[in-house]
Amino acid sequence: MATLASLLSALASGEAVSAVRRARTTAIVYALAALAALCGIGFLIGAAYIWASIRYGSLTAALGFGIGFLVLAGLLVLIHQLSAKARARRRAARRNADLKALGLTAALAVLPSLLKSKAGMGALLGPAAALVAYAIYRENTKPGPDGRDPGAEG
């Protein structure tokens, strides 16, 4: 049985090393392709500048390209700022879901041991009764004129 386990672990570790090698090779190839693409874009921009400088003059072409790149940078920053709130909301929602899942998992893990003892039953029934009472309270209170809970501070 021990030889089977060692054989399986050797197979798994060999497969892991192979997967790491393939991932490293792929990352290097993509990095080189990205570098070549950036060089190509740079030469295209240079060619466009040469064409514009022949057609409109060096100073006008330089001003046009400079203003164009500044506008592009401004647009990128503006789009990033506008989407920052949406990204923050998604992160908060994901964090909330993760915390709820973690709390539920912890509660389900502790539940069997709590149900075995009488003290554990009390520990479960107390907060459950408090949650039910709070739900009844929230259902029966009317929001104030500004739409807020009259019992809430703030």
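Remarks
- Criterion applied to Leu82, Leu44, Leu108 was being without any contact (Cβ under 8 Å) to a residue 60 or more places away in the chain and surrounded by 10 or more Cβ atoms within 10 Å (Cβ to Cβ), and the one residue passing it is Leu44.
- Screening Ala73, Ala93, Ala88, Ala84 for residues that are part of a helix (DSSP H, G or I), modelled with pLDDT of 85 or more and under 30 Å from Gly46 (Cα atoms) leaves exactly one candidate, Ala73.
- The conditions of being surrounded by 10 or more Cβ atoms within 10 Å (Cβ to Cβ), assigned to a helix (DSSP H, G or I) and over 18 Å from the mean Cα position of the chain (by Cα) are met by Ala61.
The values are calculated or read from the model by the stated rules, or taken from the named source; none is laboratory data. Worth saying up front: this structure is predicted, and the values here are computed from it rather than measured. With ideal geometry, Cβ positions are generated from the backbone for all residues, glycine too; neighbour counts draw on all protein chains shown.
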